[in-house]
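Peer 1: Below: one structure in C-alpha coordinates.
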Amino acid sequence: MNCEHARPLVPLYVDGELTSVQSAELRPHLLSCPACRGLAQAEQSLHAWFVPTAEIPVPTGFAAHVARRAVAGDTGSKRPFAPAESSNHEHSEPILQFVLHALAVAAIALVVVSIAMRRLDQPAAEELKAHESQALDASLFALDQINREELRAVGTNGLQGTRDGSSGR
Amino acid sequence: MALKLVQEAPLQDADLVREAIAGNPLSFQLLVERYQGRLFALARHYTSSPVEVEDIVQDTFLKAYSRLDTFQHQSAFYTWLYRIATNTVLDFLKRRGRCPVQAVEDPELVGSPETDHRIVRPDARLERQEVAEITHTILEGMPEIFRTVLIMRELEDMAYQEIADVLDISIGTVESRLFRARARFKEKLVTQYPEFAQGLNE
Ligand SMILES: [Zn+2]
(Lines give C-alpha, C1' and ligand atoms only; values in the text may rest on other atoms or scores of the structure.)
Protein backbone atom coordinates (compact mmCIF):
# COMPACT_ATOMS: atom_id res chain seq x y z
CA MET A 1 0.00 0.00 0.00
CA ASN A 2 1.25 3.48 -0.83
CA CYS A 3 0.56 6.84 0.84
CA GLU A 4 -2.05 7.80 -1.69
CA HIS A 5 -4.13 4.79 -0.75
CA ALA A 6 -3.32 4.96 2.92
CA ARG A 7 -4.13 8.61 3.64
CA PRO A 8 -7.92 8.53 3.22
CA LEU A 9 -8.09 5.39 5.33
CA VAL A 10 -6.28 6.90 8.30
CA PRO A 11 -9.26 8.74 9.88
CA LEU A 12 -11.37 5.62 9.46
CA TYR A 13 -8.63 3.56 11.05
CA VAL A 14 -8.48 5.89 14.02
CA ASP A 15 -12.25 5.75 14.35
CA GLY A 16 -12.29 1.97 14.23
CA GLU A 17 -14.37 2.02 11.07
CA LEU A 18 -12.18 -0.19 8.91
CA THR A 19 -12.83 -3.87 8.49
CA SER A 20 -10.25 -6.16 10.01
CA VAL A 21 -8.95 -6.90 6.51
CA GLN A 22 -8.53 -3.21 5.71
CA SER A 23 -6.84 -2.56 9.04
CA ALA A 24 -4.47 -5.44 8.47
CA GLU A 25 -3.54 -3.94 5.12
CA LEU A 26 -3.01 -0.45 6.47
CA ARG A 27 -1.06 -1.28 9.62
CA PRO A 28 2.21 -2.32 7.95
CA HIS A 29 2.19 0.93 5.99
CA LEU A 30 1.72 2.98 9.15
CA LEU A 31 4.60 1.18 10.74
CA SER A 32 6.90 1.88 7.85
CA CYS A 33 5.72 5.36 6.81
CA PRO A 34 6.43 8.25 9.25
CA ALA A 35 4.18 10.67 7.32
CA CYS A 36 1.07 8.51 7.50
CA ARG A 37 1.87 7.50 11.04
CA GLY A 38 2.11 11.17 11.94
CA LEU A 39 -1.26 11.75 10.37
CA ALA A 40 -2.77 8.95 12.42
CA GLN A 41 -1.25 10.43 15.57
CA ALA A 42 -2.55 13.88 14.67
CA GLU A 43 -6.04 12.47 14.19
CA GLN A 44 -5.82 10.60 17.44
CA SER A 45 -4.49 13.53 19.44
CA LEU A 46 -7.84 15.25 19.18
CA HIS A 47 -9.55 12.53 21.21
CA ALA A 48 -7.88 13.81 24.36
CA TRP A 49 -9.96 16.98 24.17
CA PHE A 50 -13.22 15.12 24.43
CA VAL A 51 -13.48 14.20 28.06
CA PRO A 52 -16.68 13.47 29.96
CA THR A 53 -18.05 16.47 31.79
CA ALA A 54 -19.70 16.56 35.19
CA GLU A 55 -22.87 14.57 34.87
CA ILE A 56 -26.26 16.15 35.40
CA PRO A 57 -28.32 13.71 37.47
CA VAL A 58 -31.83 12.78 36.48
CA PRO A 59 -34.18 14.22 39.12
CA THR A 60 -36.10 11.71 41.21
CA GLY A 61 -39.49 11.00 39.74
CA PHE A 62 -38.58 12.47 36.37
CA ALA A 63 -39.95 9.55 34.35
CA ALA A 64 -43.25 9.49 36.21
CA HIS A 65 -43.56 13.24 35.79
CA VAL A 66 -42.84 13.16 32.06
CA ALA A 67 -45.16 10.21 31.49
CA ARG A 68 -47.98 12.07 33.24
CA ARG A 69 -47.46 15.14 31.10
CA ALA A 70 -47.30 13.04 27.96
CA VAL A 71 -50.52 11.24 28.77
CA ALA A 72 -52.10 14.59 29.62
CA GLY A 73 -51.54 15.56 25.99
CA ASP A 74 -48.54 17.83 26.41
CA THR A 75 -46.71 17.53 23.12
CA GLY A 76 -43.75 19.53 24.28
CA SER A 77 -43.11 21.71 21.29
CA LYS A 78 -45.50 24.50 22.26
CA ARG A 79 -44.12 24.89 25.73
CA PRO A 80 -41.42 27.54 25.94
CA PHE A 81 -38.09 26.44 27.20
CA ALA A 82 -36.96 27.70 30.55
CA PRO A 83 -34.40 30.46 30.13
CA ALA A 84 -30.77 29.89 30.90
CA GLU A 85 -29.92 29.97 34.57
CA SER A 86 -28.38 33.42 34.48
CA SER A 87 -31.39 35.24 33.06
CA ASN A 88 -34.55 35.49 35.11
CA HIS A 89 -36.67 38.03 33.29
CA GLU A 90 -38.90 35.56 31.49
CA HIS A 91 -39.20 32.97 34.20
CA SER A 92 -42.56 34.20 35.44
CA GLU A 93 -45.10 31.71 34.19
CA PRO A 94 -48.57 32.95 35.11
CA ILE A 95 -49.45 31.32 38.41
CA LEU A 96 -53.07 30.62 37.47
CA GLN A 97 -52.06 28.86 34.30
CA PHE A 98 -49.57 26.86 36.25
CA VAL A 99 -52.06 25.80 38.90
CA LEU A 100 -54.68 24.86 36.33
CA HIS A 101 -52.13 22.87 34.44
CA ALA A 102 -50.92 21.12 37.57
CA LEU A 103 -54.49 20.29 38.54
CA ALA A 104 -55.19 18.85 35.12
CA VAL A 105 -52.08 16.74 35.28
CA ALA A 106 -52.91 15.62 38.80
CA ALA A 107 -56.43 14.65 37.81
CA ILE A 108 -55.21 12.53 34.96
CA ALA A 109 -52.46 11.11 37.09
CA LEU A 110 -55.07 10.04 39.65
CA VAL A 111 -56.98 8.16 36.99
CA VAL A 112 -53.77 6.62 35.80
CA VAL A 113 -52.85 5.65 39.33
CA SER A 114 -56.19 4.06 40.05
CA ILE A 115 -56.01 2.04 36.87
CA ALA A 116 -52.41 1.15 37.50
CA MET A 117 -53.00 0.06 41.07
CA ARG A 118 -55.85 -2.14 40.08
CA ARG A 119 -53.85 -3.77 37.35
CA LEU A 120 -50.38 -3.99 38.70
CA ASP A 121 -48.58 -5.19 41.69
CA GLN A 122 -45.16 -4.32 40.38
CA PRO A 123 -42.46 -2.14 41.88
CA ALA A 124 -42.84 0.21 38.93
CA ALA A 125 -46.29 1.09 40.15
CA GLU A 126 -44.96 2.34 43.44
CA GLU A 127 -43.72 5.49 41.78
CA LEU A 128 -47.30 6.41 41.15
CA LYS A 129 -48.69 6.34 44.66
CA ALA A 130 -51.63 8.57 45.27
CA HIS A 131 -49.88 10.91 47.67
CA GLU A 132 -47.34 11.68 45.02
CA SER A 133 -49.91 13.02 42.63
CA GLN A 134 -51.44 15.15 45.38
CA ALA A 135 -48.06 16.70 45.94
CA LEU A 136 -47.54 17.09 42.25
CA ASP A 137 -47.83 20.85 42.05
CA ALA A 138 -45.29 21.25 44.80
CA SER A 139 -42.92 18.77 43.23
CA LEU A 140 -43.24 20.43 39.83
CA PHE A 141 -42.22 23.64 41.44
CA ALA A 142 -39.39 22.07 43.39
CA LEU A 143 -37.99 20.14 40.47
CA ASP A 144 -35.53 22.77 39.32
CA GLN A 145 -34.43 23.40 42.85
CA ILE A 146 -33.78 19.73 43.58
CA ASN A 147 -31.95 19.41 40.34
CA ARG A 148 -29.58 22.24 41.14
CA GLU A 149 -28.98 21.04 44.66
CA GLU A 150 -28.18 17.57 43.44
CA LEU A 151 -25.79 18.96 40.92
CA ARG A 152 -24.10 21.04 43.58
CA ALA A 153 -23.87 17.99 45.83
CA VAL A 154 -22.36 15.92 43.05
CA GLY A 155 -20.15 18.87 42.17
CA THR A 156 -16.51 17.97 42.25
CA ASN A 157 -16.80 14.23 42.54
CA GLY A 158 -19.24 13.98 39.66
CA LEU A 159 -16.44 13.47 37.22
CA GLN A 160 -15.91 10.11 35.74
CA GLY A 161 -12.90 8.51 34.21
CA THR A 162 -11.65 10.11 31.05
CA ARG A 163 -11.25 8.34 27.80
CA ASP A 164 -7.65 7.53 27.19
CA GLY A 165 -6.90 9.73 24.24
CA SER A 166 -3.38 8.48 23.77
CA SER A 167 -4.17 4.90 22.99
CA GLY A 168 -5.86 3.63 19.88
CA ARG A 169 -9.32 2.29 19.64
CA MET B 1 -54.93 -6.24 26.95
CA ALA B 2 -52.62 -8.83 28.32
CA LEU B 3 -50.59 -7.79 31.32
CA LYS B 4 -47.18 -8.00 29.77
CA LEU B 5 -45.72 -5.92 32.55
CA VAL B 6 -45.93 -8.79 34.99
CA GLN B 7 -43.89 -11.10 32.84
CA GLU B 8 -40.52 -11.95 34.20
CA ALA B 9 -38.38 -11.31 31.16
CA PRO B 10 -37.44 -7.67 30.59
CA LEU B 11 -39.76 -6.14 28.06
CA GLN B 12 -38.48 -5.25 24.65
CA ASP B 13 -38.73 -1.61 23.59
CA ALA B 14 -41.08 -2.59 20.80
CA ASP B 15 -43.48 -4.21 23.28
CA LEU B 16 -43.43 -1.17 25.51
CA VAL B 17 -44.09 1.09 22.54
CA ARG B 18 -47.07 -1.04 21.51
CA GLU B 19 -48.45 -1.00 25.04
CA ALA B 20 -47.95 2.72 25.34
CA ILE B 21 -49.82 3.30 22.09
CA ALA B 22 -52.56 1.02 23.39
CA GLY B 23 -52.92 3.44 26.29
CA ASN B 24 -50.80 2.03 29.06
CA PRO B 25 -49.00 5.03 30.59
CA LEU B 26 -46.70 2.85 32.68
CA SER B 27 -45.19 1.37 29.56
CA PHE B 28 -44.19 4.81 28.45
CA GLN B 29 -42.84 5.58 31.89
CA LEU B 30 -40.67 2.48 31.66
CA LEU B 31 -39.32 3.67 28.33
CA VAL B 32 -38.51 7.04 29.85
CA GLU B 33 -36.76 5.35 32.75
CA ARG B 34 -34.80 3.20 30.37
CA TYR B 35 -33.41 6.08 28.33
CA GLN B 36 -33.55 9.17 30.49
CA GLY B 37 -29.94 8.77 31.65
CA ARG B 38 -28.60 8.54 28.12
CA LEU B 39 -30.62 11.53 26.98
CA PHE B 40 -29.48 13.61 29.96
CA ALA B 41 -25.90 12.79 29.02
CA LEU B 42 -26.62 13.64 25.40
CA ALA B 43 -28.21 17.01 26.16
CA ARG B 44 -25.40 17.73 28.58
CA HIS B 45 -23.01 17.81 25.64
CA TYR B 46 -24.85 20.79 24.24
CA THR B 47 -25.50 22.78 27.39
CA SER B 48 -24.17 22.80 30.91
CA SER B 49 -27.36 24.18 32.44
CA PRO B 50 -29.29 21.51 34.38
CA VAL B 51 -32.54 23.37 33.72
CA GLU B 52 -31.92 23.39 29.99
CA VAL B 53 -30.88 19.75 29.95
CA GLU B 54 -34.05 18.77 31.75
CA ASP B 55 -36.16 20.83 29.38
CA ILE B 56 -34.57 19.27 26.33
CA VAL B 57 -35.00 15.73 27.60
CA GLN B 58 -38.56 16.33 28.73
CA ASP B 59 -39.44 17.88 25.41
CA THR B 60 -37.88 14.95 23.60
CA PHE B 61 -40.00 12.42 25.47
CA LEU B 62 -43.16 14.49 25.08
CA LYS B 63 -42.61 14.75 21.34
CA ALA B 64 -41.80 11.05 21.17
CA TYR B 65 -45.00 10.15 22.96
CA SER B 66 -47.14 12.38 20.78
CA ARG B 67 -45.86 10.66 17.65
CA LEU B 68 -45.28 7.20 19.03
CA ASP B 69 -47.60 5.75 16.41
CA THR B 70 -45.22 6.92 13.68
CA PHE B 71 -42.42 4.75 15.03
CA GLN B 72 -41.98 2.19 12.29
CA HIS B 73 -40.05 -0.47 14.21
CA GLN B 74 -37.55 -0.51 11.34
CA SER B 75 -34.82 1.08 13.40
CA ALA B 76 -34.10 0.60 17.07
CA PHE B 77 -36.33 2.63 19.34
CA TYR B 78 -33.34 4.41 20.78
CA THR B 79 -32.17 5.49 17.32
CA TRP B 80 -35.60 6.94 16.70
CA LEU B 81 -35.58 8.63 20.09
CA TYR B 82 -32.06 9.90 19.58
CA ARG B 83 -33.13 11.49 16.32
CA ILE B 84 -35.94 13.35 18.07
CA ALA B 85 -33.54 14.38 20.79
CA THR B 86 -31.06 15.73 18.28
CA ASN B 87 -33.73 17.75 16.52
CA THR B 88 -34.96 19.03 19.85
CA VAL B 89 -31.48 20.11 20.82
CA LEU B 90 -30.87 21.86 17.51
CA ASP B 91 -34.24 23.54 17.75
CA PHE B 92 -33.39 24.62 21.24
CA LEU B 93 -30.01 26.02 20.24
CA LYS B 94 -31.63 27.99 17.46
CA ARG B 95 -34.21 29.46 19.77
CA ARG B 96 -31.61 30.32 22.33
CA GLY B 97 -29.79 32.13 19.58
CA ARG B 98 -26.30 31.18 20.66
CA CYS B 99 -25.76 29.01 17.65
CA PRO B 100 -23.80 30.53 14.78
CA VAL B 101 -25.98 31.36 11.84
CA GLN B 102 -25.50 28.71 9.26
CA ALA B 103 -26.04 30.99 6.28
CA VAL B 104 -22.80 32.81 6.95
CA GLU B 105 -20.90 29.86 5.59
CA ASP B 106 -22.33 26.75 4.11
CA PRO B 107 -19.89 24.17 5.41
CA GLU B 108 -20.95 21.65 2.79
CA LEU B 109 -19.65 24.01 0.14
CA VAL B 110 -16.35 24.66 1.76
CA GLY B 111 -13.65 22.68 0.01
CA SER B 112 -11.94 19.79 1.67
CA PRO B 113 -9.39 21.15 4.12
CA GLU B 114 -5.75 20.40 3.76
CA THR B 115 -4.79 17.34 5.71
CA ASP B 116 -3.72 18.66 9.05
CA HIS B 117 -0.67 16.95 10.49
CA ARG B 118 -0.53 18.96 13.65
CA ILE B 119 -0.78 17.08 16.90
CA VAL B 120 -2.90 19.02 19.32
CA ARG B 121 -3.05 17.60 22.82
CA PRO B 122 -4.35 19.39 25.88
CA ASP B 123 -1.62 20.98 27.97
CA ALA B 124 -0.70 18.77 30.92
CA ARG B 125 -1.38 21.62 33.34
CA LEU B 126 -5.06 21.62 32.47
CA GLU B 127 -7.53 19.95 34.79
CA ARG B 128 -9.93 17.56 33.11
CA GLN B 129 -12.80 19.94 33.75
CA GLU B 130 -10.87 22.78 32.14
CA VAL B 131 -10.24 20.66 29.07
CA ALA B 132 -13.94 19.88 28.92
CA GLU B 133 -14.81 23.57 29.16
CA ILE B 134 -12.46 24.57 26.37
CA THR B 135 -13.90 21.86 24.17
CA HIS B 136 -17.43 22.88 25.05
CA THR B 137 -16.69 26.50 24.17
CA ILE B 138 -15.20 25.58 20.83
CA LEU B 139 -18.09 23.27 20.01
CA GLU B 140 -20.53 26.04 20.85
CA GLY B 141 -18.94 28.23 18.21
CA MET B 142 -19.14 25.64 15.45
CA PRO B 143 -21.84 25.26 12.82
CA GLU B 144 -24.30 22.70 14.06
CA ILE B 145 -23.70 20.17 11.32
CA PHE B 146 -20.09 19.88 12.48
CA ARG B 147 -20.91 20.07 16.12
CA THR B 148 -23.41 17.23 15.99
CA VAL B 149 -21.09 14.77 14.27
CA LEU B 150 -18.22 15.61 16.61
CA ILE B 151 -20.36 15.13 19.68
CA MET B 152 -21.82 11.90 18.36
CA ARG B 153 -18.45 10.48 17.38
CA GLU B 154 -16.19 11.78 20.12
CA LEU B 155 -18.46 12.07 23.12
CA GLU B 156 -21.23 9.60 22.37
CA ASP B 157 -18.84 7.12 20.80
CA MET B 158 -21.25 6.35 17.99
CA ALA B 159 -20.26 4.40 14.89
CA TYR B 160 -20.51 6.10 11.49
CA GLN B 161 -23.54 3.99 10.64
CA GLU B 162 -25.36 5.06 13.79
CA ILE B 163 -24.60 8.71 13.10
CA ALA B 164 -25.81 8.26 9.53
CA ASP B 165 -29.05 6.71 10.78
CA VAL B 166 -29.76 9.46 13.28
CA LEU B 167 -28.97 12.33 10.93
CA ASP B 168 -30.45 10.56 7.94
CA ILE B 169 -27.36 11.09 5.81
CA SER B 170 -25.02 8.69 4.05
CA ILE B 171 -21.95 7.19 5.63
CA GLY B 172 -19.85 9.07 3.10
CA THR B 173 -21.35 12.33 4.29
CA VAL B 174 -20.65 11.38 7.90
CA GLU B 175 -17.05 10.73 6.92
CA SER B 176 -16.51 14.01 5.13
CA ARG B 177 -18.33 16.05 7.75
CA LEU B 178 -16.36 14.49 10.51
CA PHE B 179 -13.13 15.12 8.66
CA ARG B 180 -13.99 18.77 8.17
CA ALA B 181 -15.33 19.11 11.68
CA ARG B 182 -12.07 17.89 13.13
CA ALA B 183 -10.02 20.20 10.96
CA ARG B 184 -12.23 23.08 12.04
CA PHE B 185 -12.05 22.10 15.67
CA LYS B 186 -8.29 21.93 15.51
CA GLU B 187 -8.10 25.27 13.76
CA LYS B 188 -10.21 26.95 16.43
CA LEU B 189 -8.24 25.27 19.14
CA VAL B 190 -4.88 26.56 18.00
CA THR B 191 -6.25 30.02 17.25
CA GLN B 192 -8.22 30.50 20.44
CA TYR B 193 -6.12 28.51 22.89
CA PRO B 194 -2.58 28.42 21.51
CA GLU B 195 -1.16 28.28 25.02
CA PHE B 196 -3.04 25.08 25.84
CA ALA B 197 -2.64 23.20 22.59
CA GLN B 198 0.54 21.22 22.84
CA GLY B 199 2.80 19.77 20.20
CA LEU B 200 1.95 22.16 17.40
CA ASN B 201 5.29 22.03 15.69
CA GLU B 202 5.10 18.47 14.49
ZN1 LIG C 1 2.40 6.83 3.91
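The values are calculated or read from the model by the stated rules, or taken from the named source; none is laboratory data. Keep in mind the model is a prediction, meaning the values are calculated, not measured. Positions of Cβ are backbone-derived with ideal geometry, glycine not excepted, and every protein chain shown enters the neighbour counts.
Peer 1: In the set B:Ile163, B:Ile171, B:Ile151, which member is touching a residue at least 24 places away in the same chain (Cβ under 8 Å) and either more than 15 Å from the chain's Cα centre (by Cα) or not assigned by TED's automatic domain parsing to the domain that holds B:Tyr82 (or both)?
Peer 2: Being touching a residue at least 24 places away in the same chain (Cβ under 8 Å) and either more than 15 Å from the chain's Cα centre (by Cα) or not assigned by TED's automatic domain parsing to the domain that holds B:Tyr82 (or both) holds for just one of B:Ile163, B:Ile171, B:Ile151, which is B:Ile151.
Peer 1: Being within 11 Å of another protein chain (Cβ to nearest Cβ) and within 24 Å of B:Ser49 (Cβ to Cβ) is the requirement here; does B:Phe179 meet it?
Peer 2: Judged against the criteria, B:Phe179 is not a match.
Peer 1: Okay, moving on. Test of understanding: among B:Glu130, B:Glu175, B:Glu140, which residue is of a type in the set (Asp, Glu), within 23 Å of B:Leu42 (Cβ to Cβ), modelled with pLDDT of 85 or more and surrounded by 19 or more Cβ atoms within 10 Å (Cβ to Cβ)?
Peer 2: Numbers: B:Glu130 fails: surrounded by 19 or more Cβ atoms within 10 Å (Cβ to Cβ); B:Glu140 fails: surrounded by 19 or more Cβ atoms within 10 Å (Cβ to Cβ).
Every option except B:Glu175 fails the conditions.
Peer 1: Restricting to the stretch A:1-59, and then to whatever is within 11 Å of the ligand (Cβ to nearest atom) and of a type in the set (Lys, Arg), can you tell me which residue is farthest from the other protein chains (Cβ to nearest Cβ)?
Peer 2: A:Arg37
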